[in-house]
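One structure is given here, and the rest of the page talks about it.
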Amino acid sequence: MQTTNLAQTVRTIISQQRVTDLHTHCFAPAFGYKLSIEKTQGAGLLLWGVDELVTYHYLIAELFRVVGADQITPDQFYGLSKIEQANLIWDELFIKRTPLSEACRGVITTLTKLGLDPNTQSLDPIRQWFSEQDVDSYIDRVMSVAGVDHIVMTNEVFDAAERKLWLSDAEALKRDSRFSPVLRIDKLLNDWPSVCQDLVELEYAVSEPVTPDTLAEIRRFLNDWLDRTEAIYVATSFGPEFRFVPDGSEPTECELIIEHALMPVLAERNLAWALMIGSVRGVNPRLGDAGDMCGKADISSLTNLALRFPENKFMATLLSRESQHELCIAARKFGNLLPFGCWWFLNNPSIIEEMTRERIELLGTSFSPQHSDARILDQLVYKWDHSRQVLSKVLTEKYEDLSRAGWIVTEEHIRNDAERLLRNNFRTFVGMDESAMLRVQKTGQ
Ligand code: RAT
Ligand code: ZN
C-alpha cells in the first residue's frame, strides 16, 4: 500500500471497527434512569444528558482549580441542584475560559457529534433537545455514533441500592442484549471487617477471623452472585499499596480471600479477574468523587498472581504512567495477563499515544488498548472518537516502520488488527462469545 494512502486507510478502518467497551459505569435502562432533571425512573443508575455530562467529576475537579472558596466551596457546590451545578461549570470552564482540557473537549466533541451546537452561552436549548429523547432509542443512537457494539457495566455488589435491584428481579436486569454485567467486589478485598458485617446480614455464616469455614461461605457468596448476575468477569480496584506476596509470612485477609475463595471460584468458572491498581481514594475528600488521586502499583504482586494461579486469567489496568512499561514486560512473561485500557487520569491523548506505542512495541496486538470508563452514556461518543484518533496515528506510524523494514502491509492486516484491538482480544480472553452461546443453549432462546 502507498504510504500516502496508509494514514487514510488506517483512519477509515479504525473508525469503522465496532468496539466492545470493556469497562464502563453505564447501565441498562432496567437499572432506572433520569426521565428529566426532576423525574427519575426507578433507581436512576443510568446517567445521560447534558447536565450529567457537564457535571462529570473530572470537570468538578477542574472547576475547583478556577473558583476560590470566596466564590463557592465544594459543600455549597454539592448543595446546588444539578442544573445550577451545570450552569456554573459551563460558565466558568466553557464561557469564561477556553475548554481546552481533555474532559472539557470531550463535552464539545460529544455535543457536536450528536448534531448539537456547543457554541452557546446557555445550556437551555441543549437541555430541551435531550428532554425530547426516548432513552431506549437514544442508547442505540449513542452506540451507533460512538461505534460501540456492546457496553460492559460495573455492578457493585456492595452498593445497597444496586444489590436491591438484583435481589428483586435479576432476570429483568439481564434482558438488554446491549449490556453485560461485571461483578465489582472492591470492598471484599479492601475492607474485610465491614464486608463481614454485610455478609452476615445477607445470611452468610462468616466470622471476622478468616477461617476455612468463612472462606467456604465467601466462595458460596461469590458463586451465588456470579449465578445471579452472569457477570462476564470480576473486577476490583486497589490502592497502590495492594500486595500479593506468598512468601510464607502471615497472609493478610485479602491474600487469604484471593487464594482460597476468589481464585478457585473463578478458575472453576473460567472467568477472568480484572485488577485496577493505583487509585488513592479521597485525597481531598471535600471534592467527593472528584477527590481521588493516583499512585504506582506493585507489579511483582501481579506476576506473583499470574505465576501462582496459571489456571486463572488476569486483566490489569494501572493508574500511574510510571507503571506502564513494567506491566508490558510482565505481560510478555504471562499469557494469562491481559493489559487493558488507559485508565482514568491516563485517558489523555498524549499518554494514550505513549502507552499504545509502548504496548505495540512490546506486545504486538495482544492487548486491549482502551476502555471508555464512561459514567454518562453520552461520553461513549467522545471517549471513543478521541481514542480512535490516537490509535490511528500510532498504528499508521507502526505500519510505516514495518513497510520500511520490507513487509507488505495490506488492508486485511489492518482490518484484523483493528478487530483484535478494539473488540476480539477482550471477548476471546473473557470467553464472552462462548458464554453467550451457553446461555442461548440453556434458555433455548
Ligand atoms: O473514571 C472514573 O470515573 C473513576 O472514578 C472510577 O470509576 C474508576 O474508573 C473505577 O472504576 O474505579
Ligand atoms: Zn471505572
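The values are calculated or read from the model by the stated rules, or taken from the named source; none is laboratory data. Here the structure is a predicted model, which is why all the values come from computation and not from measurement. Note: ideal-geometry Cβ built from the backbone for every residue, glycine included; neighbour counts use all protein chains shown. For accessibility, only protein heavy atoms count, side chains too; no ligands or nucleic acids. Shrake-Rupley method; radii C 1.70, N 1.55, O 1.52, S 1.80 Å.
Below, the figures for the structure above:
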{"quantity": "Residue that is nearest to Pro251 (Cα to Cα), among those in region 280-303 that are assigned to a loop (DSSP other than H, G, I, E, B) and hydrophobic (A, V, I, L, M, F, W, C)", "calculated": "Ala297"}
{"quantity": "Hits in region 5-38 (condition: of a type in the set (Lys, Arg) and assigned to a loop (DSSP other than H, G, I, E, B))", "calculated": "Arg18"}
{"quantity": "Which listed residue, of Glu208, Glu268, Glu241, Glu203, is part of a helix (DSSP H, G or I) and more than 16 Å from ligand 2 (Cβ to nearest atom)", "calculated": "Glu268"}
{"quantity": "Hey, His371 of a type outside the set (Asp, Glu) and either assigned to a loop (DSSP other than H, G, I, E, B) or at pLDDT below 95 (or both) or not", "calculated": "yes"}
{"quantity": "Cβ pairs under 9 Å, 6+ apart, first in region 122-141 and within 18 Å of Leu88 (Cβ to Cβ), second open to solvent by less than 50 Å² (accessible area, probe 1.4 Å) and among the charged types (D, E, K, R)", "calculated": "Leu123/Asp51; Arg127/Asp51"}
{"quantity": "Check on Glu253, away from ligand 2 (no atom under 16 Å from the Cβ), at positive phi and in contact (Cβ under 8 Å) with a residue 60 or more places away in the chain", "calculated": "no"}
{"quantity": "Unique match (being among the polar types (S, T, N, Q) and closer than 30 Å to Thr55 by Cβ) among Ser387, Ser403", "calculated": "Ser387"}
{"quantity": "Among (1) more than 16 Å from ligand 2 (Cβ to nearest atom); (2) hydrophobic (A, V, I, L, M, F, W, C); (3) farther than 22 Å from Asp21 by Cα - the single one Leu363 does not satisfy", "calculated": "(3)"}
{"quantity": "Residue check, Val54 β-branched (Val, Ile, Thr), under 20 Å from Cys26 (Cβ atoms) and surrounded by fewer than 19 Cβ atoms within 10 Å (Cβ to Cβ)", "calculated": "no"}
{"quantity": "Leading residue by the ranking (farthest from Leu318 (Cα to Cα)) among those in region 273-294 that are among the aliphatic types (A, V, I, L, M) and within 16 Å of ligand 2 (Cβ to nearest atom)", "calculated": "Ala290"}
{"quantity": "Residue in region 283-304 that is touching an Asp or Glu at 6+ places or on another chain (Cβ under 8 Å) and closer than 20 Å to Asp21 by Cβ present", "calculated": "no"}
{"quantity": "First in region 350-375 and open to solvent by 20 Å² or more (accessible area, probe 1.4 Å), second anywhere and within 16 Å of ligand 2 (Cβ to nearest atom) and part of a loop (DSSP other than H, G, I, E, B), Cβ under 7 Å, 6 or more apart", "calculated": "Ile351/Cys342; Arg375/His25; Arg375/Tyr56"}
{"quantity": "Number of the exception - His57 against (1) out of contact with any Gly (no Cβ under 6 Å at 6 or more places or on another chain); (2) more than 16 Å from ligand 2 (Cβ to nearest atom); (3) more than 18 Å from Trp384 (Cα to Cα)", "calculated": "(2)"}
{"quantity": "Residue in region 333-351 that is nearest to Leu307 (Cα to Cα), counting only those that are touching a Ser or Thr at 6+ places or on another chain (Cβ under 9 Å), more than 16 Å from ligand 2 (Cβ to nearest atom) and assigned to a helix (DSSP H, G or I)", "calculated": "Lys333"}
{"quantity": "Matching entry among Leu111, Leu53, Leu46 (being in contact (Cβ under 8 Å) with a residue 12 or more places away in the chain and in contact with a Leu (Cβ under 7 Å, 6 or more places away or on another chain))", "calculated": "Leu46"}
{"quantity": "Neighbours by Cβ (under 7 Å, 6+ apart or cross-chain): first from region 56-77, part of a loop (DSSP other than H, G, I, E, B); second surrounded by 14 or more Cβ atoms within 10 Å (Cβ to Cβ)", "calculated": "Tyr56/Ala103; Tyr56/Arg375; Tyr56/Ile376; Val67/Glu92"}
{"quantity": "One residue from Val182, Val148, Val107 being within 16 Å of ligand 1 (Cβ to nearest atom) and under 26 Å from Ser350 (Cα atoms)", "calculated": "Val107"}
{"quantity": "Residue within region 29-44 that is at pLDDT 95 or above, open to solvent by less than 40 Å² (accessible area, probe 1.4 Å) and in contact with a Pro (Cβ under 9 Å, 6 or more places away or on another chain) present", "calculated": "no"}
{"quantity": "Looking only at region 120-136, and only at residues there that are in a helix (DSSP H, G or I) and open to solvent by 30 Å² or more (accessible area, probe 1.4 Å), the one that is nearest to Ala30 (Cα to Cα)", "calculated": "Asp136"}
{"quantity": "Every residue from region 382-404 that is polar (S, T, N, Q) and more than 15 Å from Arg415 (Cα to Cα)", "calculated": "Ser387, Gln389, Ser403"}
{"quantity": "Selected residue (only one of Ala274, Ala331, Ala306, Ala316 is under 20 Å from Cys254 (Cβ atoms), small (Gly, Ala, Ser) and away from ligand 1 (no atom under 14 Å from the Cβ))", "calculated": "Ala306"}
